[in-house]
1. Quick one: if you stick a label point 7 Å off each Cα along the C-beta vector at A140 and R262, how many nm between them?
2. Please state the shape class of the chain: rounded when a/c is under 1.5, otherwise prolate if a/b exceeds b/c and oblate if not, all from the C-alpha gyration tensor.
3. The stretch 188-216 to the stretch 30-87: how many Å between their Cα centroids?
4. Could you work out how far apart the two model spin labels at S177 and M72 are, taking each label as a point 7 Å from the Cα in the direction of the beta carbon, and quote it in nm?
5. Please report the net charge: other residues with Cβ closer than 15 Å to the Cβ of S150, K and R +1, D and E -1.
6. What's the extension gain from A152 to S65 if we count 0.36 nm per residue and subtract their Cα-Cα distance?
7. Applying a 10 Å radius around every beta-carbon, put 78-86, 146-154 in order of their mean neighbour count, most first.
8. With each label point set 7 Å from Cα along the Cα-Cβ vector, what nm distance links S49 and R308?
Amino acid sequence: MDITADLSDTEWSSFLSQAPDANIFQSPLLARAFRRARGHRPHVLAALSGGAVRALLSGVIVSYSKGRVSPMTSRAIVAGGPIGNPTAFPALLAAHDAVAAKRALLTQIRNLRTPPDGRPFETAGYRWEDHLNFVLDLRAGEEPVLAGMSKARRKGISRAERSGLTALEPGLNDVDSFYPLLLGTYERAKVPLADATLFRSVFEASEGGEWLWGLTALHEGRPCAVRLCLRSGPVVYDWYAGSSDEGRSLHADEWLVWEVLRRAIRAGCTAFDFQGAGAPGEAYGPGEFKRRFGGAETNPGRFEKVYRPLTLKVSKIAYELWRRW
């Protein structure tokens, strides 16, 4: 098979329409938004045979550095891919590594489900890591989904409803009002956050589409929590969330999840994917938050390949010092 980086959006979308494992993370929709977001450099690679696309890998080089973007502060992320004919995966991974090794410290392949065969990745030098997730089955409807949550989760949602919260579907002009909620949440967790241009770009790219789902919780007219999700066919994927001190005291975070679930059920969606709950045995607050919604625990795992081991080691030490500062 031949590998090409020259793929039109039309060819890309046509392949996805036929691929059973197609998903929003491997689509030109997100790639288009990444191109306009600071600190993001997307790329796509396609395996061709007989002039047709047989497999595809879409990745993005990400850096949260406020200064000049360099390989020393960047990582490559491939979410939900590669997809298509597995026999093309070795060639796609080799082509991806040729790009990523020049621009990033490492590549993380974030699976949406446990791959049936990890050998193409392991042969290419990728290391498997267990990484948990929770997926809610929405097919039974609202009442069974709510009943499947923990008592504390249902109680929190009830309290939020009594507090008078209202939901707003944000648009491009609302990014400046909800971005501080994301930023505050990530700063409390000592985790870097993507630049605001990512969210502006996503809203611009999704205009007129149905793949970006956003809800902001308002209390007395003030935004106190936000949740952004991505719809891909019958599945809604959790993406970004944040809240203020007021929002957390009002249980706005869990209420927004419930509001998203209700809308997904009414839209005929079959599953809500929380997109990660940490490593097994890890004390991970977001993972516990997600567990209490009653979804099925899965282990889609990740594959990781490090291109600069020494630099990565130094970066991890610097990161831990920053988190403790």
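Every number here is computed from the coordinates shown, using simple stated rules; none is lab data. Keep in mind the model is a prediction, meaning the values are calculated, not measured. Heads up, the Cβs are rebuilt from the backbone with ideal geometry, glycines too, and the neighbour counts pull from every protein chain shown.
1. Modelled inter-label distance: 1.9 nm.
2. It is prolate, given that a/c is not under 1.5 and a/b is the larger ratio.
3. Between the Cα centre of the stretch 188-216 and that of the stretch 30-87, the gap is 18 Å.
4. About 4.2 nm separates the two model spin labels.
5. My count for the surroundings of S150 gives +4.
6. Length gained, A152 through S65: 27.5 nm.
7. Going from most to least packed, we get 78-86, 146-154.
8. 3.7 nm
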